[in-house]
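Engineer: Could you have a look at this structure, given as structure tokens, before my questions?
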Amino acid sequence: MWAELLPVGRSASSGGYRRFAWNSADAECRAWFEEQAVGRGLSYELDRNGNQWAWLGDPAGEGAIVTGSHLDSVPDGGAFDGPLGVVSSFAALDELRGRGTEFTRPLAIVNFGDEEGARFGVACIGSRLSAGVLGRDQAYELRDAAGVRLPDAMEKAGYDPAAIGADGDRLARIGAFVELHVEQGRYLAEDQPVGVAGAIWPHGRWRFDFHGEANHAGTTRIEDRRDPMLTYANTVLAARKKARTAGALATFGKVAVEPNGTNAIASLVRGWLDSRAADEATLTALVEEIERAAYERGDRDGVRVELTRESYTPVVEFDAPLRDRLARRLGREGAPVPILPTGAGHDAGILASAIPTAMLFVRNPSGVSHSPAEHAETADCLAGVAALADVLEDLACQ
């Protein structure tokens, strides 16, 4: 399975992946998922929001145990973030069938659409729509960098955008969701290939619009300029400094410039801030400080600053009984596996408000994620499959 997915959406120049929502690479990944489901005799289903489901047992049954993740990527992302969870889910089912396991609950594997938000700027769109966190009208207003609307992209890919929206009936039939994911840091020790997530830091995305005045780079005096690039650059530096002081994270990783000419002073710079912290009060204060720094510098530069919050996810505490049950089940010699915090958002975090959710992390020795350098050793991946199989057996067979 891993070998089949590796070439899909991979850039020959960077070695990273460009599997964006509703593009051709995404379509290949979706076809692969359906093939895996049908090839195992599972019931394949596409929900109203374009999420893919593979069912063992009755999809209409109560108390289903669900696992899975996503197959899309950030721009030039790594091979493991998302796909490891989906591949491991199918492999864990194969393992359980090899054990002769008899299931007492329906079991499903899911591929949530557009988890990374790389194309439309909002993370976890598939799960947000299902949980009602993202409304239909809001989704219809989302556009990609080329101005293509989300519903138009869905329709072009062969899906019905008129159906999108909250899927409460489906979620009500789910007893628990367990997502396996590659670790996005280096918290796991050398003797611990698998850990359990404790909580997800609150996080969000904010768009800063810096409005200046376009002019000639070679003829406009320094004192006559209203250069939004200066305000943007100062805001980036302020964000780093203030995040370090707060013990939090702030990243400007995306920027758009107009008119984007080498010999032109920009008229507009748009910068997207990703910020995360251990608690909501710290995150709120941090973003307010960054905003203040932007406005103050904008006043000095003659630049007008606008701030728009594009997405926000409050702190997520995973279901404590489920989390502790997983930690005990996977523990060795009476000692539970490590319970880790994470600053990254996940579909499991979005669904946590509606159903019991938990996460398993597979060790990443590089500590790198959202990059082609992202990596997990084969032995650790297999340990993750075995751990997920044990967890699913414990949850779906009693």
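Engineer: What are the pairs, 6+ residues apart or on separate chains, where a residue within region 352-375 that is over 14 Å from Val66 (Cβ atoms) has its Cβ under 6 Å from a residue that is among the acidic types (Asp, Glu)?
Structural biologist: Partner pairs satisfying both residue conditions: Phe361/Glu183; Val362/Asp380; Arg363/Glu183; Arg363/Asp380; Asn364/Glu183; Val368/Glu374; Ser369/Asp81.
Engineer: For Thr104, all conditions in the list (1) surrounded by fewer than 19 Cβ atoms within 10 Å (Cβ to Cβ); (2) hydroxyl-bearing (Ser, Thr, Tyr); (3) in contact with a Lys or Arg (Cβ under 8 Å, 6 or more places away or on another chain) hold save one; what is the number of the exception?
Structural biologist: Of everything listed in (1) surrounded by fewer than 19 Cβ atoms within 10 Å (Cβ to Cβ); (2) hydroxyl-bearing (Ser, Thr, Tyr); (3) in contact with a Lys or Arg (Cβ under 8 Å, 6 or more places away or on another chain), Thr104 misses just condition (3).
Engineer: Also: Which condition number in (1) under 18 Å from Thr357 (Cα atoms); (2) assigned to a strand (DSSP E or B) is the one that Glu62 fails?
Structural biologist: Among (1) under 18 Å from Thr357 (Cα atoms); (2) assigned to a strand (DSSP E or B), the lone unmet condition for Glu62 is (2).
Engineer: For region 191-234, which residues satisfy the criterion of being under 30 Å from Leu388 (Cβ atoms) and of a type in the set (Phe, Trp, Tyr)?
Structural biologist: Trp201
Engineer: Mind checking which residues of region 3-38 are open to solvent by 70 Å² or more (accessible area, probe 1.4 Å) and in a helix (DSSP H, G or I)?
Structural biologist: Ala3, Glu4, Ser24, Glu28, Glu34, Glu35, Val38
Engineer: For region 271-327, give me each residue that is over 23 Å from Gly121 (Cα atoms), at pLDDT 95 or above and among the aromatic types (Phe, Trp, Tyr).
Structural biologist: If the condition is that a residue be over 23 Å from Gly121 (Cα atoms), at pLDDT 95 or above and among the aromatic types (Phe, Trp, Tyr), then Tyr295 is the only one that fits.
Engineer: If I go through region 39-48 residue by residue, how many of them are in contact with a Leu (Cβ under 9 Å, 6 or more places away or on another chain) and part of a loop (DSSP other than H, G, I, E, B)?
Structural biologist: 4
Engineer: Of everything in region 249-270, what is over 12 Å from Ala238 (Cβ atoms), under 25 Å from the mean Cα position of the chain (by Cα) and buried (at least 20 other Cβ atoms within 10 Å of the Cβ)? Give them in sequence order.
Structural biologist: None - no residue of region 249-270 is over 12 Å from Ala238 (Cβ atoms), under 25 Å from the mean Cα position of the chain (by Cα) and buried (at least 20 other Cβ atoms within 10 Å of the Cβ), so the list stays empty.
Engineer: Return the only residue of Arg240, Arg221 being closer than 30 Å to Leu134 by Cα, free of Cβ contacts under 8 Å to residues at least 40 places away in the same chain and open to solvent by 50 Å² or more (accessible area, probe 1.4 Å).
Structural biologist: Arg240
Engineer: Can you confirm whether Phe208 is under 21 Å from the mean Cα position of the chain (by Cα), among the aromatic types (Phe, Trp, Tyr), surrounded by 20 or more Cβ atoms within 10 Å (Cβ to Cβ) and modelled with pLDDT of 95 or more? Don't jump to the end; show me each part of the working.
Structural biologist: Values: under 21 Å from the mean Cα position of the chain (by Cα): no; among the aromatic types (Phe, Trp, Tyr): yes; surrounded by 20 or more Cβ atoms within 10 Å (Cβ to Cβ): yes; modelled with pLDDT of 95 or more: yes.
Here the answer is no, as Phe208 does not meet what is asked.
Engineer: Hey, among the residues in region 245-304 that are small (Gly, Ala, Ser) and in contact (Cβ under 8 Å) with a residue 60 or more places away in the chain, which one's nearest to Glu213 (Cα to Cα)?
Structural biologist: Top of the filtered list is Gly302.
Engineer: Still on this model: Looking at Gly349, is it in contact (Cβ under 8 Å) with a residue 24 or more places away in the chain, of a type outside the set (Asp, Glu) and assigned to a loop (DSSP other than H, G, I, E, B)?
Structural biologist: no
Condition check ((1) acidic (Asp, Glu); (2) in a loop (DSSP other than H, G, I, E, B); (3) within 28 Å of Asp274 (Cα to Cα); (4) open to solvent by 80 Å² or more (accessible area, probe 1.4 Å)) across all residues:
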{"position": "Ile290", "(1), (2), (3), (4)": "no, no, yes, no"}
{"position": "Ala293", "(1), (2), (3), (4)": "no, no, yes, no"}
{"position": "Glu296", "(1), (2), (3), (4)": "yes, no, yes, yes"}
{"position": "Asp299", "(1), (2), (3), (4)": "yes, no, yes, yes"}
{"position": "Val305", "(1), (2), (3), (4)": "no, no, yes, no"}
{"position": "Thr308", "(1), (2), (3), (4)": "no, no, yes, no"}
{"position": "Leu322", "(1), (2), (3), (4)": "no, no, no, no"}
{"position": "Arg325", "(1), (2), (3), (4)": "no, no, no, yes"}
{"position": "Arg328", "(1), (2), (3), (4)": "no, no, no, yes"}
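The values are calculated or read from the model by the stated rules, or taken from the named source; none is laboratory data. Quick caveat, the model's predicted, so the values are computed rather than measured. Backbone-built Cβ (ideal geometry, glycine too); neighbour counts: all protein chains shown. Please note that ligands, DNA and RNA were not included when accessible areas were found on the heavy atoms of the full protein model with its side chains. Shrake-Rupley method; radii C 1.70, N 1.55, O 1.52, S 1.80 Å.
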